[in-house]
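Worksheet for the structure shown next.
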Amino acid sequence: MQMRRRPVAGVLPDQMEKGGSKNQTSRLCCLASLSAFLWIFLLYFHFVFLRADNTTTTNTTQFVDDHITKSTPVSVNFDESTSNHDVIDKPRVKSSQPPPRKIGFPEPVAIKSDTPDPEKEEKKEEKKEEEKKEEKSFPFMKALKTGENKSDPCGGRYIYVHDLPSRFNEDMLKECKSLSLWTNMCKFTTNAGLGPPLENVEGVFSDTGWYATNQFAVDVIFSNRMKQYECLTEDSSIAAAIFVPFYAGFDIARYLWGYNISRRDAASLDLVDWLMKRPEWSIMNGKDHFLVAGRITWDFRRLSEEETDWGNKLLFLPAAKNMSMLVVESSPWNANDFGIPYPTYFHPAKDADVFNWQDRMRHLERKWLFSFAGAPRPDNAKSIRGQLIEQCRSSPVGKLLECDFGESKCHSPSSIMQMFQSSQFCLQPQGDSYTRRSAFDSMLAGCIPVFFHPGSAYTQYTWHLPKNYTKYSVFIPEDDIRKRNMSIEEILGQIPPEQVRIMREEVIGLIPRLVYADPRSKLETLKDAFDVAVQAVIDKVTHLRKDIIEDRIDKNFIEENSWKYALLDEGKHEVGPHEWDPFFSKPKNDGSGESTDSSAEAAKNSWKNEQRNPL
């Protein structure tokens, strides 16, 4: 039996076709896998290395280029010596991958420039400055922060009061008979410093709130008023300002006549020594401290150690120069004292007392065009009082209330207020010094004041009176009277009636801020002279603290021009020539200006005239 052999290599045609197809499929799968691997590999480098650190963009780009060049037959770098046949055939290059740059950066990516951006650099510097400010620490920062608390009605308004030993205040009141050579001050220190009540026999006053107040009683009135201040604190670290209840005016009043300079300076030196040992002092070296003296500044500005020189040297002590001292008359040439109103006879206990008085002053019949209450100064060649008195006597529309030694209507509050209430304008020349209480009594009566020297009000009471003095007063330079003998009647008579009415309304509107409310009570909606002064001190200290933080120092400040700075508008700091320069030239004693010596002499004369003229 023969067997048929199968050819070993024999393959059917259809079988061969199928086998070839399988081999081709395997090759395609292999190529696809390699291609996928290559893409994954490239994407891996793109996302892991290129995206990982933008600051190394340039290095990463080079890395990708090198890797592609070495790992794939995509392109070959060549120079001019490379021939065409050394380059891998172009069809394969095109069919493989895009150029390396497109692989490395499929989308545009911003490359960091070495050139700094000025705007960004400026913002960085500003940020650094802000961080530095935040890092700065000042002992008064907590106090400033309280002002940012809008939910606290006392935020930024707290006052800390030093608990002084009684020798600096209350003990003086126990020895009240020694406070004046000619006046028994014991009766004037009663009723919290207001003095005895005034009887309204002639109907000149209102029924309540009127007292026979001494013009130099501000020390005790202010201190007692502070006890009613709504934002007192026992935590000095949050205080906007620190009050020193030293009766400076009463202290110097005891020793001005017949005592040596050691005795006159003793209490002031003792006070400064006590304050400088307190921890509160070290916060700002006393620049946040303030005190009150109910006398003119010249009583506290003795320039020498001569026994014959006037006053004490409180305001010239180095420590006291840092403090603020509120006086009834300040120095135009010094920066550490500030003028506050003389006390009047009216001390309202509630808002209604003020409103009723203002309404009454609006409707009074004023039969006199102008009036003057005062005495002549025959010993003072510069005084214009004699000429004013003569004009009042000779004018049918002028009224005069003469004051001299002995019994006088000038000692009667009722007579004074009655004349002011019946006058449209009240003449207020200088007294022995620049200022006089009469100016405030007249405005209380709704009478428009007429000043002859800017130091009588305009440069003094900048916290309490408008800077635009034409709104509430008339200014006639002294030389118009002294040298030109101009007629007061003609000058005032030329002011239109409507303008007079507007000015009088302005004066009546100022009344609340010119009077001291009864220290045993407090007003509700109105701000009195005390409130205005305290807020001004707080503002002063707050601005100073902010200047310290911002490192703002006014290197161009000239203390002798202090009166000019007080008249500057908000935000301005530079002063220049002023129309009132001739009034404040210093130091001269030739009739063209006020010298320090003549100021001291004026203070001395002021004391001599207390016994005859309370104005």
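The values are calculated or read from the model by the stated rules, or taken from the named source; none is laboratory data. Because the structure is predicted, anything quoted here is derived from the model rather than measured. In this analysis, Cβ positions are derived from the backbone assuming ideal geometry, glycine residues included, and neighbour counts consider all displayed protein chains. When the accessible area is computed, the model is the full protein with side chains, heavy atoms only, and any ligands, DNA or RNA have been set aside. Shrake-Rupley method; radii C 1.70, N 1.55, O 1.52, S 1.80 Å.
Miscellaneous remarks
- Size descriptor, Kirkwood hydrodynamic radius, that averages inverse alpha-carbon separations across the stretch 182-310, Å: 17.2
- Pairs of Cα atoms nearer than 8 Å and 6+ residues apart set the relative contact order; for the stretch 311-445 it is 24 percent.
- Remark: for residue pairs 527/555; 467/555; 313/382, the C-alpha separation exceeds 30 Å in 527/555.
- Calculated FRET efficiency, residue 362 to residue 121, Cβ-Cβ distance, R0 = 60 Å: about 0.40 to the nearest 0.05.
- Residues of the stretch 351-514: accessible area per residue with a 1.4 Å probe, Å²: 40
- Spherically averaged projected area of the stretch 138-185 from its Cα convex hull (nm²): 6.0
- Multiplying the residue separation of residue 187 and residue 499 by 0.36 nm and subtracting their alpha-carbon distance yields 108.1 nm.
- Relative contact order of the stretch 307-360, defined on C-alpha pairs under 8 angstrom at six or more residues apart (%): 21
- Heavy atoms of residue 307: accessible area, 1.4 Å probe, square angstrom to 10: 100
- Cα shape, the stretch 487-584, gyration tensor, a/c 1.5 rule: oblate
- Using only Cα coordinates, the Kirkwood hydrodynamic radius of the stretch 351-514 works out to 16.0 Å.
- For the stretch 433-505, the list of trypsin sites (Lys or Arg not before Pro) that fall in a loop by DSSP and count at most 14 other C-beta atoms within 10 angstrom reads 467, 483, 484.
- The trypsin sites (Lys or Arg not before Pro) found in the stretch 241-334 that occupy coil by DSSP, while having at most 10 further C-beta atoms within 10 Å, are 277.
- Qualifying GluC sites (Glu not before Pro) for the stretch 435-540 [loop in DSSP, other Cβ within 10 Å: at most 10]: 524
- For q = 0.12, 0.23, 0.27 Å⁻¹, Debye-computed log10 I/I(0) when each Cα of the stretch 337-404 counts as one equal scatterer: -0.56, -1.00, -1.09
- Heavy-atom accessible area order for 353, 554, largest first, 1.4 Å probe: 554, 353
- On full extension, the segment bounded by residue 415 and residue 560 gains 48.2 nm, given 0.36 nm per residue less the C-alpha separation.
- Per-residue accessible area (protein heavy atoms, 1.4 Å probe) orders 314, 38 as 38, 314, starting from the largest.
- Cα Rg, Dmax (largest Cα-Cα span) when computed across the stretch 223-281, Å: 14.8, 44
- Taking every alpha-carbon pair under 8 Å whose residues sit at least 6 apart, the stretch 474-548 reaches a relative contact order of 18 percent.
- A crude spin-label estimate for the pair residue 350 and residue 174, with each label 7 Å from Cα along the Cβ direction, gives 3.7 nm.
- Among the listed pairs 227/277; 522/564; 150/227; 150/522; 177/540, a Cα-Cα separation exceeding 29 Å is found for 522/564; 177/540.
- Carbon plus sulfur fraction of accessible area for the stretch 186-316, probe 1.4 Å, in percent: 49
- Largest-first ordering by accessible area, 1.4 Å probe, given options 486, 172: 486, 172
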